[in-house]
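S.K.: First, the structure itself, so that you have it in front of you.
The values are calculated or read from the model by the stated rules, or taken from the named source; none is laboratory data. All of these numbers come straight from a predicted model, not from anything done at the bench. Cβ atoms come from the backbone with ideal geometry, glycine included; neighbour counts cover every protein chain shown. Just so you know, the surface numbers come from the protein's heavy atoms only, side chains and all, with ligands and any DNA or RNA stripped out. Shrake-Rupley method; radii C 1.70, N 1.55, O 1.52, S 1.80 Å.
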Amino acid sequence: MTSTRPGAAWVVAALLVAAAAAASEPAPAAGAAGLAEQAASALVAVFAVTRHGARNVLPKSSTLKESEATGGPTLLPQGAAQCAAAGRAFRARYLAAGSCGAAGTCLPPERGAEAYGVLGGPGVGFHNYNTFAASSSLDRTLKSAAAFWAGAFPAAAGNASQPALSVPVYTDGADVDDWRVRGYTKCPSYARRLESWLGSAEFRAKEEDTASLRAAVQALAPQLNTSLANWWNVYDAFNVWRTFGVGDAQPAMDDATFNQTVELAMWLETRKMRPALAGSLLGGALLADLLSRLQAAAAAAGGGGGSYYRLLGVSAHYNTQLGLLAALQQGGAAPLGAPYPWEARIPALAAVLAFELHALPRGAGFAVRAVAQDGPARDYVALALPCAEAGGAAEAALGAGACSLDAFARLAGPQAFSAAGDWCAACDNDDVLACRLSRAERLLAEAPGPGGGAGGGGAGARRGGAVAPGMVALWCVVAVALAAALAGGALLVARRARASRERRWAAETVASGLA
(Lines give C-alpha, C1' and ligand atoms only; values in the text may rest on other atoms or scores of the structure.)
Protein backbone atom coordinates (compact mmCIF):
# COMPACT_ATOMS: atom_id res chain seq x y z
CA MET A 1 0.00 0.00 0.00
CA THR A 2 1.32 3.44 -0.90
CA SER A 3 -0.01 6.75 0.34
CA THR A 4 1.07 10.38 0.48
CA ARG A 5 1.29 12.78 3.38
CA PRO A 6 -0.07 16.33 2.98
CA GLY A 7 2.19 19.00 4.46
CA ALA A 8 4.95 16.76 5.82
CA ALA A 9 8.66 16.67 5.00
CA TRP A 10 8.66 12.88 5.06
CA VAL A 11 8.37 10.50 2.11
CA VAL A 12 5.70 7.89 2.70
CA ALA A 13 6.61 4.31 3.63
CA ALA A 14 4.09 1.58 2.90
CA LEU A 15 3.05 0.09 6.22
CA LEU A 16 -0.10 -1.64 7.46
CA VAL A 17 -1.29 -0.68 10.94
CA ALA A 18 -4.74 -1.58 12.27
CA ALA A 19 -7.26 1.18 12.94
CA ALA A 20 -8.62 1.93 16.39
CA ALA A 21 -11.71 0.41 17.92
CA ALA A 22 -14.36 2.92 18.84
CA ALA A 23 -14.69 2.92 22.62
CA SER A 24 -16.25 5.05 25.32
CA GLU A 25 -16.07 8.69 24.38
CA PRO A 26 -14.01 11.28 26.28
CA ALA A 27 -15.04 14.91 26.18
CA PRO A 28 -14.18 16.77 22.98
CA ALA A 29 -11.13 18.99 22.92
CA ALA A 30 -11.72 22.41 24.42
CA GLY A 31 -11.71 25.49 22.24
CA ALA A 32 -10.02 28.76 23.12
CA ALA A 33 -12.77 29.77 25.53
CA GLY A 34 -12.73 26.35 27.18
CA LEU A 35 -8.96 26.50 27.71
CA ALA A 36 -9.25 29.90 29.32
CA GLU A 37 -11.89 28.72 31.78
CA GLN A 38 -10.62 25.23 32.68
CA ALA A 39 -9.72 24.64 36.31
CA ALA A 40 -7.15 21.90 35.59
CA SER A 41 -4.44 21.39 32.99
CA ALA A 42 -5.50 19.77 29.71
CA LEU A 43 -3.30 17.68 27.43
CA VAL A 44 -3.07 19.32 24.02
CA ALA A 45 -0.46 17.28 22.11
CA VAL A 46 2.01 14.41 22.52
CA PHE A 47 5.27 14.00 20.59
CA ALA A 48 6.75 10.51 21.17
CA VAL A 49 10.17 9.20 20.13
CA THR A 50 10.26 5.40 20.37
CA ARG A 51 13.08 2.89 20.16
CA HIS A 52 12.64 -0.11 17.89
CA GLY A 53 12.15 -3.61 19.27
CA ALA A 54 14.52 -6.59 19.29
CA ARG A 55 16.35 -7.08 15.99
CA ASN A 56 19.01 -9.30 14.49
CA VAL A 57 22.71 -8.67 15.13
CA LEU A 58 23.85 -5.11 14.32
CA PRO A 59 27.60 -4.78 13.66
CA LYS A 60 28.80 -1.19 13.86
CA SER A 61 32.04 0.72 14.13
CA SER A 62 33.39 2.45 17.21
CA THR A 63 32.10 5.74 15.75
CA LEU A 64 28.54 4.35 15.20
CA LYS A 65 28.87 3.70 11.47
CA GLU A 66 26.77 0.79 10.21
CA SER A 67 26.68 -1.49 7.19
CA GLU A 68 25.40 -0.07 3.91
CA ALA A 69 23.06 -3.07 3.51
CA THR A 70 19.63 -1.79 2.52
CA GLY A 71 17.25 -1.84 5.46
CA GLY A 72 19.77 -3.06 8.02
CA PRO A 73 19.09 -6.01 10.34
CA THR A 74 15.47 -7.06 10.48
CA LEU A 75 13.06 -6.74 13.38
CA LEU A 76 12.46 -10.05 15.16
CA PRO A 77 8.97 -11.35 16.02
CA GLN A 78 9.83 -10.74 19.68
CA GLY A 79 10.64 -7.12 18.77
CA ALA A 80 7.29 -6.66 17.07
CA ALA A 81 5.59 -8.00 20.21
CA GLN A 82 7.58 -5.56 22.38
CA CYS A 83 6.51 -2.60 20.25
CA ALA A 84 2.89 -3.70 20.18
CA ALA A 85 2.98 -3.89 23.98
CA ALA A 86 4.51 -0.40 24.10
CA GLY A 87 1.70 0.82 21.83
CA ARG A 88 -0.93 -0.67 24.13
CA ALA A 89 0.70 1.02 27.13
CA PHE A 90 0.78 4.29 25.16
CA ARG A 91 -2.92 3.87 24.41
CA ALA A 92 -3.68 3.22 28.07
CA ARG A 93 -1.86 6.42 29.06
CA TYR A 94 -3.16 8.76 26.36
CA LEU A 95 -5.99 7.37 24.25
CA ALA A 96 -8.26 4.95 26.14
CA ALA A 97 -10.76 6.93 28.18
CA GLY A 98 -11.15 4.25 30.81
CA SER A 99 -7.49 4.32 31.83
CA CYS A 100 -6.16 7.74 30.79
CA GLY A 101 -9.09 9.48 32.47
CA ALA A 102 -8.15 8.09 35.86
CA ALA A 103 -4.55 9.23 35.37
CA GLY A 104 -5.51 12.63 33.98
CA THR A 105 -3.42 12.06 30.84
CA CYS A 106 -6.09 11.76 28.13
CA LEU A 107 -5.30 13.30 24.76
CA PRO A 108 -8.75 14.54 23.71
CA PRO A 109 -9.63 13.40 20.20
CA GLU A 110 -11.82 15.39 17.88
CA ARG A 111 -15.54 14.81 18.35
CA GLY A 112 -14.88 12.65 21.42
CA ALA A 113 -14.15 9.52 19.35
CA GLU A 114 -11.13 7.26 19.82
CA ALA A 115 -10.82 5.51 16.44
CA TYR A 116 -8.28 6.29 13.72
CA GLY A 117 -9.74 6.61 10.24
CA VAL A 118 -11.04 8.97 7.58
CA LEU A 119 -11.64 12.57 8.56
CA GLY A 120 -15.36 12.96 9.18
CA GLY A 121 -16.02 9.21 9.38
CA PRO A 122 -18.24 7.72 12.12
CA GLY A 123 -16.39 7.17 15.39
CA VAL A 124 -13.19 8.77 14.07
CA GLY A 125 -11.34 11.14 16.36
CA PHE A 126 -7.81 10.64 14.99
CA HIS A 127 -6.95 10.97 11.32
CA ASN A 128 -4.22 12.09 8.94
CA TYR A 129 -4.79 15.77 9.75
CA ASN A 130 -4.12 15.42 13.49
CA THR A 131 -1.95 12.29 13.67
CA PHE A 132 1.55 12.00 12.19
CA ALA A 133 3.79 8.93 12.42
CA ALA A 134 7.36 9.00 11.11
CA SER A 135 10.31 6.61 11.14
CA SER A 136 13.86 6.15 10.01
CA SER A 137 13.92 4.16 6.78
CA LEU A 138 15.22 0.88 8.22
CA ASP A 139 13.52 -2.48 8.54
CA ARG A 140 13.65 -2.53 12.33
CA THR A 141 12.08 0.90 12.80
CA LEU A 142 9.47 0.68 10.05
CA LYS A 143 8.19 -2.64 11.36
CA SER A 144 8.41 -1.37 14.94
CA ALA A 145 6.25 1.59 13.98
CA ALA A 146 3.67 -0.74 12.44
CA ALA A 147 3.51 -2.82 15.60
CA PHE A 148 3.44 0.21 17.92
CA TRP A 149 0.55 1.92 16.15
CA ALA A 150 -1.34 -1.37 15.89
CA GLY A 151 -1.11 -1.53 19.67
CA ALA A 152 -2.09 2.12 20.08
CA PHE A 153 -5.08 1.75 17.74
CA PRO A 154 -6.22 -1.88 17.98
CA ALA A 155 -8.25 -3.30 15.10
CA ALA A 156 -11.94 -2.53 15.17
CA ALA A 157 -14.73 -4.96 14.43
CA GLY A 158 -15.82 -4.92 10.80
CA ASN A 159 -17.83 -1.87 9.80
CA ALA A 160 -19.04 -1.71 6.21
CA SER A 161 -19.42 2.07 6.34
CA GLN A 162 -16.03 2.65 8.01
CA PRO A 163 -13.52 -0.11 7.18
CA ALA A 164 -10.35 -0.29 9.27
CA LEU A 165 -7.57 2.01 8.06
CA SER A 166 -3.87 2.07 8.84
CA VAL A 167 -1.83 4.86 10.35
CA PRO A 168 0.63 5.77 7.57
CA VAL A 169 4.28 5.99 8.56
CA TYR A 170 6.67 8.33 6.74
CA THR A 171 10.44 8.55 6.30
CA ASP A 172 12.93 11.09 5.00
CA GLY A 173 13.72 8.81 2.08
CA ALA A 174 16.85 6.66 1.88
CA ASP A 175 18.86 6.14 5.04
CA VAL A 176 21.89 7.84 3.47
CA ASP A 177 19.92 11.11 3.45
CA ASP A 178 18.26 10.86 6.89
CA TRP A 179 19.76 13.67 8.95
CA ARG A 180 16.88 14.21 11.38
CA VAL A 181 16.57 10.77 12.96
CA ARG A 182 19.89 9.14 12.00
CA GLY A 183 22.20 12.14 12.03
CA TYR A 184 24.45 10.31 14.49
CA THR A 185 25.68 8.11 11.62
CA LYS A 186 26.39 11.05 9.30
CA CYS A 187 28.15 13.67 11.41
CA PRO A 188 31.93 13.80 10.77
CA SER A 189 32.34 16.43 13.50
CA TYR A 190 30.90 14.03 16.06
CA ALA A 191 32.93 11.11 14.68
CA ARG A 192 36.10 13.14 15.24
CA ARG A 193 35.03 13.81 18.82
CA LEU A 194 34.53 10.08 19.34
CA GLU A 195 37.90 9.25 17.85
CA SER A 196 39.53 11.75 20.18
CA TRP A 197 37.73 10.27 23.18
CA LEU A 198 38.84 6.75 22.20
CA GLY A 199 42.40 7.98 22.78
CA SER A 200 41.62 9.81 26.02
CA ALA A 201 42.95 9.05 29.51
CA GLU A 202 39.42 8.07 30.59
CA PHE A 203 39.17 5.48 27.85
CA ARG A 204 42.66 4.09 28.42
CA ALA A 205 41.91 3.73 32.14
CA LYS A 206 38.77 1.76 31.34
CA GLU A 207 40.77 -0.47 29.02
CA GLU A 208 43.11 -1.32 31.88
CA ASP A 209 40.28 -1.89 34.35
CA THR A 210 38.49 -4.31 32.00
CA ALA A 211 41.49 -6.15 30.59
CA SER A 212 40.83 -9.35 32.56
CA LEU A 213 37.15 -9.48 31.52
CA ARG A 214 37.99 -8.92 27.88
CA ALA A 215 40.75 -11.55 27.99
CA ALA A 216 38.31 -14.07 29.45
CA VAL A 217 35.78 -13.38 26.71
CA GLN A 218 38.54 -13.57 24.08
CA ALA A 219 39.48 -17.03 25.34
CA LEU A 220 35.81 -18.04 25.17
CA ALA A 221 35.26 -16.62 21.66
CA PRO A 222 38.62 -16.33 19.84
CA GLN A 223 36.88 -15.22 16.63
CA LEU A 224 35.73 -11.94 18.21
CA ASN A 225 37.65 -8.69 18.49
CA THR A 226 37.39 -7.98 22.23
CA SER A 227 39.01 -4.55 22.24
CA LEU A 228 37.10 -1.98 24.28
CA ALA A 229 36.47 0.12 21.16
CA ASN A 230 34.73 -2.90 19.56
CA TRP A 231 32.92 -4.04 22.70
CA TRP A 232 29.45 -3.22 21.39
CA ASN A 233 29.85 -5.93 18.75
CA VAL A 234 30.98 -8.43 21.39
CA TYR A 235 28.00 -7.65 23.60
CA ASP A 236 25.54 -7.66 20.71
CA ALA A 237 26.73 -11.00 19.32
CA PHE A 238 26.33 -12.72 22.70
CA ASN A 239 23.13 -10.90 23.69
CA VAL A 240 21.22 -11.59 20.47
CA TRP A 241 22.29 -15.24 20.36
CA ARG A 242 21.70 -15.85 24.05
CA THR A 243 18.35 -14.03 24.20
CA PHE A 244 16.79 -14.70 20.81
CA GLY A 245 18.80 -17.55 19.26
CA VAL A 246 19.70 -15.72 16.04
CA GLY A 247 22.96 -14.51 14.56
CA ASP A 248 26.20 -16.47 14.68
CA ALA A 249 26.23 -19.17 17.33
CA GLN A 250 28.21 -18.15 20.41
CA PRO A 251 29.64 -20.35 23.15
CA ALA A 252 27.87 -20.62 26.49
CA MET A 253 28.73 -17.79 28.87
CA ASP A 254 28.03 -17.86 32.61
CA ASP A 255 25.64 -15.29 34.04
CA ALA A 256 28.30 -13.37 35.97
CA THR A 257 30.47 -12.87 32.87
CA PHE A 258 27.46 -11.98 30.74
CA ASN A 259 26.30 -9.37 33.26
CA GLN A 260 29.78 -7.81 33.23
CA THR A 261 29.72 -7.85 29.43
CA VAL A 262 26.40 -6.01 29.47
CA GLU A 263 27.52 -3.43 32.01
CA LEU A 264 30.66 -2.62 30.03
CA ALA A 265 28.65 -2.17 26.83
CA MET A 266 26.22 0.12 28.66
CA TRP A 267 29.13 2.23 29.94
CA LEU A 268 30.65 2.48 26.48
CA GLU A 269 27.47 3.49 24.66
CA THR A 270 26.18 5.96 27.25
CA ARG A 271 29.58 7.65 27.46
CA LYS A 272 29.53 8.13 23.69
CA MET A 273 26.13 9.81 23.94
CA ARG A 274 26.73 12.01 26.98
CA PRO A 275 25.85 15.69 26.50
CA ALA A 276 29.44 16.95 26.72
CA LEU A 277 30.43 14.78 23.74
CA ALA A 278 27.26 14.72 21.64
CA GLY A 279 26.38 18.38 22.08
CA SER A 280 23.41 19.28 19.92
CA LEU A 281 24.89 17.63 16.83
CA LEU A 282 22.88 14.43 17.12
CA GLY A 283 19.56 15.72 18.42
CA GLY A 284 19.35 19.33 17.29
CA ALA A 285 17.55 18.54 14.03
CA LEU A 286 14.79 16.50 15.66
CA LEU A 287 14.64 19.05 18.48
CA ALA A 288 13.76 21.73 15.92
CA ASP A 289 10.89 19.58 14.68
CA LEU A 290 9.71 18.90 18.23
CA LEU A 291 9.75 22.58 19.18
CA SER A 292 7.97 23.73 16.03
CA ARG A 293 5.29 21.04 16.43
CA LEU A 294 4.61 21.98 20.04
CA GLN A 295 4.45 25.68 19.23
CA ALA A 296 2.10 25.05 16.29
CA ALA A 297 -0.16 22.91 18.48
CA ALA A 298 -0.25 25.61 21.16
CA ALA A 299 -1.12 28.27 18.60
CA ALA A 300 -3.93 26.17 17.12
CA ALA A 301 -5.32 25.03 20.47
CA GLY A 302 -5.09 28.50 21.96
CA GLY A 303 -6.87 29.94 18.96
CA GLY A 304 -9.56 27.31 19.08
CA GLY A 305 -9.29 26.62 15.37
CA GLY A 306 -9.80 23.26 13.62
CA SER A 307 -7.44 20.33 13.24
CA TYR A 308 -3.82 20.36 14.28
CA TYR A 309 -1.24 17.65 14.84
CA ARG A 310 -1.93 16.52 18.38
CA LEU A 311 -0.53 12.97 18.17
CA LEU A 312 2.97 12.64 16.73
CA GLY A 313 5.41 9.77 16.85
CA VAL A 314 8.89 9.00 15.50
CA SER A 315 10.08 5.37 15.37
CA ALA A 316 13.80 5.66 15.96
CA HIS A 317 16.85 4.42 17.83
CA TYR A 318 18.35 4.76 21.29
CA ASN A 319 20.96 7.11 19.83
CA THR A 320 18.10 9.31 18.58
CA GLN A 321 16.52 9.41 22.03
CA LEU A 322 19.78 10.11 23.86
CA GLY A 323 20.89 12.62 21.23
CA LEU A 324 17.65 14.57 21.65
CA LEU A 325 18.07 14.64 25.43
CA ALA A 326 21.72 15.64 25.08
CA ALA A 327 20.70 18.62 22.95
CA LEU A 328 18.44 19.80 25.78
CA GLN A 329 21.39 19.85 28.19
CA GLN A 330 23.60 22.33 26.33
CA GLY A 331 24.38 25.99 26.81
CA GLY A 332 24.97 25.71 30.55
CA ALA A 333 21.68 23.93 31.19
CA ALA A 334 21.50 21.70 34.24
CA PRO A 335 21.54 17.94 33.64
CA LEU A 336 18.27 16.03 33.62
CA GLY A 337 17.17 15.45 37.19
CA ALA A 338 16.17 12.18 38.84
CA PRO A 339 14.55 9.87 38.13
CA TYR A 340 16.50 9.63 34.87
CA PRO A 341 16.65 5.99 33.70
CA TRP A 342 19.32 6.38 31.02
CA GLU A 343 22.26 7.86 32.89
CA ALA A 344 24.23 4.59 32.84
CA ARG A 345 22.13 2.35 30.58
CA ILE A 346 20.85 2.83 27.06
CA PRO A 347 17.06 2.90 26.60
CA ALA A 348 15.46 -0.53 26.64
CA LEU A 349 14.05 -2.10 23.51
CA ALA A 350 10.72 -0.43 22.62
CA ALA A 351 11.41 2.39 25.11
CA VAL A 352 9.30 5.53 24.75
CA LEU A 353 10.38 9.15 25.26
CA ALA A 354 7.36 11.47 25.11
CA PHE A 355 6.95 15.23 25.31
CA GLU A 356 3.52 16.35 26.46
CA LEU A 357 2.08 19.79 25.76
CA HIS A 358 -0.50 20.87 28.34
CA ALA A 359 -2.75 23.90 28.48
CA LEU A 360 -2.38 25.32 31.99
CA PRO A 361 -5.43 26.13 34.13
CA ARG A 362 -7.38 29.38 33.65
CA GLY A 363 -5.57 30.48 30.51
CA ALA A 364 -2.12 30.59 32.14
CA GLY A 365 -0.41 29.47 28.94
CA PHE A 366 1.12 26.13 27.97
CA ALA A 367 3.60 23.80 29.63
CA VAL A 368 5.84 20.93 28.55
CA ARG A 369 6.41 17.72 30.48
CA ALA A 370 8.83 14.97 29.38
CA VAL A 371 8.14 11.38 30.37
CA ALA A 372 9.94 8.11 29.70
CA GLN A 373 8.95 4.47 29.70
CA ASP A 374 12.02 2.22 29.77
CA GLY A 375 10.39 -0.73 28.06
CA PRO A 376 6.70 -1.68 27.83
CA ALA A 377 6.65 -3.47 31.20
CA ARG A 378 7.78 -0.34 33.07
CA ASP A 379 5.77 2.61 34.34
CA TYR A 380 6.08 6.03 32.75
CA VAL A 381 8.24 8.38 34.80
CA ALA A 382 8.53 12.17 34.49
CA LEU A 383 11.94 13.59 33.58
CA ALA A 384 13.07 16.83 35.20
CA LEU A 385 13.72 19.21 32.31
CA PRO A 386 16.52 21.77 32.73
CA CYS A 387 14.05 24.59 32.04
CA ALA A 388 11.84 23.70 35.03
CA GLU A 389 11.05 26.67 37.26
CA ALA A 390 10.68 25.76 40.92
CA GLY A 391 7.29 26.87 42.18
CA GLY A 392 6.15 27.96 38.74
CA ALA A 393 2.74 27.37 37.24
CA ALA A 394 4.00 24.44 35.15
CA GLU A 395 5.32 22.50 38.14
CA ALA A 396 2.26 23.40 40.18
CA ALA A 397 0.01 21.85 37.54
CA LEU A 398 2.12 18.96 36.25
CA GLY A 399 4.66 18.15 38.93
CA ALA A 400 8.40 18.64 39.35
CA GLY A 401 10.42 18.93 36.18
CA ALA A 402 7.75 20.51 33.94
CA CYS A 403 8.35 23.93 32.42
CA SER A 404 6.39 26.53 30.52
CA LEU A 405 6.41 26.32 26.74
CA ASP A 406 8.17 29.68 26.63
CA ALA A 407 10.91 28.40 28.93
CA PHE A 408 11.21 25.23 26.87
CA ALA A 409 11.58 27.33 23.73
CA ARG A 410 14.34 29.41 25.37
CA LEU A 411 16.12 26.17 26.26
CA ALA A 412 15.61 24.32 22.99
CA GLY A 413 15.72 27.14 20.45
CA PRO A 414 19.48 27.85 20.51
CA GLN A 415 20.26 24.12 20.18
CA ALA A 416 17.77 23.37 17.40
CA PHE A 417 18.84 23.06 13.77
CA SER A 418 15.81 24.48 12.00
CA ALA A 419 17.60 24.64 8.64
CA ALA A 420 19.44 21.72 7.09
CA GLY A 421 22.33 23.98 6.16
CA ASP A 422 23.01 24.79 9.81
CA TRP A 423 23.24 21.10 10.72
CA CYS A 424 25.38 20.40 7.65
CA ALA A 425 27.84 23.11 8.65
CA ALA A 426 27.98 22.01 12.29
CA CYS A 427 28.49 18.35 11.34
CA ASP A 428 30.78 19.11 8.39
CA ASN A 429 28.59 17.02 6.09
CA ASP A 430 28.53 17.63 2.33
CA ASP A 431 27.08 14.25 1.32
CA VAL A 432 23.48 14.16 2.54
CA LEU A 433 21.01 15.34 -0.10
CA ALA A 434 19.79 18.19 2.10
CA CYS A 435 23.39 19.34 2.52
CA ARG A 436 24.08 19.22 -1.20
CA LEU A 437 20.94 21.21 -1.88
CA SER A 438 21.80 23.75 0.82
CA ARG A 439 25.31 24.15 -0.53
CA ALA A 440 24.04 24.63 -4.09
CA GLU A 441 21.56 27.24 -2.93
CA ARG A 442 24.31 29.06 -1.05
CA LEU A 443 26.63 29.00 -4.08
CA LEU A 444 23.87 30.33 -6.27
CA ALA A 445 23.08 33.13 -3.83
CA GLU A 446 26.75 34.10 -3.49
CA ALA A 447 27.71 33.80 -7.15
CA PRO A 448 28.13 37.08 -9.07
CA GLY A 449 25.53 37.53 -11.80
CA PRO A 450 24.85 39.83 -14.73
CA GLY A 451 23.49 42.62 -12.51
CA GLY A 452 26.52 42.88 -10.26
CA GLY A 453 26.94 41.89 -6.62
CA ALA A 454 25.98 38.61 -5.06
CA GLY A 455 23.89 36.67 -7.52
CA GLY A 456 24.33 39.49 -10.00
CA GLY A 457 27.68 39.29 -11.76
CA GLY A 458 29.89 42.02 -10.31
CA ALA A 459 33.57 41.36 -10.96
CA GLY A 460 32.67 38.22 -12.89
CA ALA A 461 31.12 40.23 -15.75
CA ARG A 462 33.02 41.89 -18.57
CA ARG A 463 32.26 45.33 -19.95
CA GLY A 464 29.73 45.25 -22.72
CA GLY A 465 27.77 42.37 -21.17
CA ALA A 466 30.27 39.58 -21.94
CA VAL A 467 30.70 37.06 -19.13
CA ALA A 468 34.09 35.82 -18.01
CA PRO A 469 34.82 32.13 -18.73
CA GLY A 470 35.36 31.48 -15.02
CA MET A 471 31.92 32.87 -14.30
CA VAL A 472 30.38 30.56 -16.90
CA ALA A 473 32.13 27.57 -15.31
CA LEU A 474 30.88 28.53 -11.85
CA TRP A 475 27.30 28.87 -13.03
CA CYS A 476 27.54 25.48 -14.77
CA VAL A 477 28.76 23.84 -11.56
CA VAL A 478 25.95 25.45 -9.60
CA ALA A 479 23.38 24.41 -12.20
CA VAL A 480 24.54 20.80 -12.16
CA ALA A 481 24.54 20.70 -8.34
CA LEU A 482 21.07 22.19 -8.18
CA ALA A 483 19.74 19.77 -10.78
CA ALA A 484 21.09 16.77 -8.86
CA ALA A 485 19.80 18.01 -5.51
CA LEU A 486 16.42 19.16 -6.77
CA ALA A 487 15.78 15.84 -8.50
CA GLY A 488 14.94 14.41 -5.09
CA GLY A 489 13.19 17.53 -3.81
CA ALA A 490 10.88 18.65 -6.62
CA LEU A 491 8.17 16.19 -5.70
CA LEU A 492 8.34 17.30 -2.06
CA VAL A 493 7.86 20.95 -3.08
CA ALA A 494 4.81 20.02 -5.13
CA ARG A 495 3.35 18.04 -2.24
CA ARG A 496 3.84 20.96 0.13
CA ALA A 497 2.00 23.28 -2.25
CA ARG A 498 -0.87 20.84 -2.50
CA ALA A 499 -0.76 20.35 1.28
CA SER A 500 -1.62 23.99 1.92
CA ARG A 501 -4.84 23.63 -0.05
CA GLU A 502 -5.76 20.33 1.61
CA ARG A 503 -5.06 21.57 5.13
CA ARG A 504 -7.27 24.61 4.51
CA TRP A 505 -10.02 22.29 3.33
CA ALA A 506 -9.61 20.12 6.45
CA ALA A 507 -9.76 23.11 8.78
CA GLU A 508 -12.89 24.39 7.06
CA THR A 509 -14.48 20.94 7.24
CA VAL A 510 -13.78 20.55 10.95
CA ALA A 511 -14.84 24.12 11.73
CA SER A 512 -18.12 23.58 9.94
CA GLY A 513 -18.87 20.56 12.11
CA LEU A 514 -18.78 18.03 9.27
CA ALA A 515 -15.84 16.17 10.88
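S.K.: Which residue, of Thr261, Thr210, is buried (at least 16 other Cβ atoms within 10 Å of the Cβ), more than 29 Å from Pro386 (Cα to Cα) and over 32 Å from the mean Cα position of the chain (by Cα)? So that I can check it myself, show each step before the final result.
M.R.: Working: Thr261 fails: over 32 Å from the mean Cα position of the chain (by Cα).
Exactly one of Thr261, Thr210 is buried (at least 16 other Cβ atoms within 10 Å of the Cβ), more than 29 Å from Pro386 (Cα to Cα) and over 32 Å from the mean Cα position of the chain (by Cα), namely Thr210.
S.K.: Same structure again: Tell me which residues, restricted to segment 57-102, are closer than 29 Å to Thr185 by Cβ, out of contact with any strand residue (DSSP E or B) (no Cβ under 7 Å at 6 or more places or on another chain) and of a type in the set (Lys, Arg).
M.R.: Lys65
S.K.: From the list Ser166, Ser135, pick out the single residue that is among the polar types (S, T, N, Q), in contact (Cβ under 8 Å) with a residue 60 or more places away in the chain and surrounded by fewer than 23 Cβ atoms within 10 Å (Cβ to Cβ).
M.R.: Within the list Ser166, Ser135, the selection yields Ser166.
S.K.: Consider Gln329 against the criteria (1) surrounded by fewer than 24 Cβ atoms within 10 Å (Cβ to Cβ); (2) touching a residue at least 60 places away in the same chain (Cβ under 8 Å): it satisfies all of them except one. Which criterion is unmet?
M.R.: With (1) surrounded by fewer than 24 Cβ atoms within 10 Å (Cβ to Cβ); (2) touching a residue at least 60 places away in the same chain (Cβ under 8 Å) applied to Gln329, the lone miss is (2).
So that you can scan it fast, the table gives a plain yes or no per residue for (1) closer than 30 Å to Val46 by Cβ; (2) open to solvent by 60 Å² or more (accessible area, probe 1.4 Å); (3) touching a residue at least 40 places away in the same chain (Cβ under 8 Å):
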position: Thr131; (1), (2), (3): yes, no, yes
position: Ala145; (1), (2), (3): yes, no, yes
position: Gly183; (1), (2), (3): yes, no, yes
position: Phe203; (1), (2), (3): no, no, no
position: Pro222; (1), (2), (3): no, yes, no
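S.K.: Identify all residues within segment 289-332 that are in a helix (DSSP H, G or I), of a type in the set (A, V, I, L, M, F, W, C) and under 17 Å from Tyr184 (Cα atoms); write none if there are none.
M.R.: Answer for segment 289-332, where residues must be in a helix (DSSP H, G or I), of a type in the set (A, V, I, L, M, F, W, C) and under 17 Å from Tyr184 (Cα atoms): Leu322, Leu324, Leu325, Ala326, Ala327.
S.K.: If you go through segment 389-414 one residue at a time, how many are open to solvent by less than 30 Å² (accessible area, probe 1.4 Å) and within 30 Å of Arg442 (Cβ to Cβ)?
M.R.: Result for segment 389-414: 3.
The rows are residues; the columns are (1) open to solvent by 10 Å² or more (accessible area, probe 1.4 Å); (2) at pLDDT below 95.
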| residue | (1), (2) |
| --- | --- |
| Val57 | yes, no |
| Tyr94 | no, no |
| Ser99 | yes, yes |
| Ala102 | yes, yes |
| Val118 | yes, yes |
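S.K.: Can you pull out the helices (runs of 4 or more DSSP H) entirely within segment 204-288 that have at least 2 residues that are closer than 30 Å to Asp177 by Cα? I'd like the intermediate steps shown before the answer.
M.R.: Working: elements: 211-220, 231-244, 255-272, 275-278.
Correct list: 231-244, 255-272, 275-278.
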